[in-house]
C-alpha cells in the first residue's frame, strides 16, 4: 500500500496522467467532430412536394433530393387518380436534415370490398342513408305496383339483383326497385322554392320522386352551387297539384335570382 502512495506522488505518474488526459481530450474532440460531419449537424434542406407523384416515378423524383421515402399506407378515393401520393409527413417545405425519411400515403388503385347491405323492405329514405353510410352510391329508382308505397322491393347492381352480404367494391352504384301502391297512387308535389340544391334533392327523394334536370343560371364555381337556392321548379307546386311516384322534378337554381317563398308560389297558382 505504501508503494502505491509513493507511485501516485511520483513524477512519472504525473506525466502519464497528463498524457492520458490530453489523449482522451483529443479522442473526444475528434469523435465529436466526426459525428457532426456524419450527421450533417446544422445543415437542413426543405422537404420537396410529393403530391400527385406516381408511385412508379418516386425513385426518379427523389434521386437528387437528398431524401428517402417510405410508403406507409394506401387509401382509396374515387376523386383522385390511382397510384399517386396524396399525403406526406413531414409536409412540403419543412426543414429537415439530409437523408430524412419522408412517409407517404398513396391512393389505392382498387377500391376496398365491402358487404352489400340489406335494403329490401326499408323505406327509400332509410335505404339511401344505408347506401351512403357504407360508401356506396344511389343509382336509378324504378317504381312498380306494390301495396308498400316507397318501400324497397329489390336492390340491383349493373342490371342484376344483388344479395345482402355480397362483397362489392366500395363506391358501387346501387339501383332500387320501389313500390308505388297498387293503383298508381299520386302524391302532392313538394314545394322546393327557397331550398338549397342539397335540401331540395333530399326532399325529392323523401317523397318518392326522381331528380330531373338541374340548371343554375349564374353558378360559376362549386361554392356558387352550394349557396344557390331553388327559384323555380317543374312541375310547380300548388295546393292541389298531384304527381305519380317516381316522376322527375326539374330544378332551376340561382345565387342572385329573387326567391319566392313556397306559400307565395301556392297563392299565385
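Residue selection: residue 148 fails the criterion of being assigned by TED's automatic domain parsing to the domain that holds residue 217 and in a loop (DSSP other than H, G, I, E, B).
On the stretch given as the range 219-241, residues that are loosely packed, with under 15 Cβ neighbours inside 10 Å and either outside any loop (DSSP other than H, G, I, E, B) or touching a helix residue (DSSP H, G or I) at 6+ places or on another chain (Cβ under 7 Å) (or both) total 6. A single entry from 216, 191 fulfils the requirement of being surrounded by 15 or more Cβ atoms within 10 Å (Cβ to Cβ) and free of Cβ contacts under 8 Å to residues at least 40 places away in the same chain: 216. For residue 72, state whether it is in contact with a helix residue (DSSP H, G or I) (Cβ under 7 Å, 6 or more places away or on another chain) and either loosely packed, with under 12 Cβ neighbours inside 10 Å or outside the structural domain of residue 168 (by TED's automatic domain parsing) (or both). When the stated conditions are applied, residue 72 does not pass them.
The condition (being at negative phi and either assigned to a strand (DSSP E or B) or in contact with a strand residue (DSSP E or B) (Cβ under 6 Å, 6 or more places away or on another chain) (or both)) is satisfied by just one residue among 246, 212: 212. Looking for something under 30 Å from residue 170 (Cα atoms), touching a strand residue (DSSP E or B) at 6+ places or on another chain (Cβ under 6 Å) and either at pLDDT below 95 or surrounded by 11 or more Cβ atoms within 10 Å (Cβ to Cβ) (or both) - is there at least one such residue anywhere in the range 26-47? The answer is no, given that none of the residues of the range 26-47 is under 30 Å from residue 170 (Cα atoms), touching a strand residue (DSSP E or B) at 6+ places or on another chain (Cβ under 6 Å) and either at pLDDT below 95 or surrounded by 11 or more Cβ atoms within 10 Å (Cβ to Cβ) (or both).
Filtered by the rule that a residue be part of a loop (DSSP other than H, G, I, E, B) and closer than 14 Å to residue 243 by Cα, the range 193-209 gives 207, 208, 209.
The values are calculated or read from the model by the stated rules, or taken from the named source; none is laboratory data. The shown structure was predicted, so the numbers you read here are calculated from the model rather than taken from an experiment. Note that we place each Cβ from the backbone using ideal geometry, even for glycine, and neighbour counts take in every protein chain shown.
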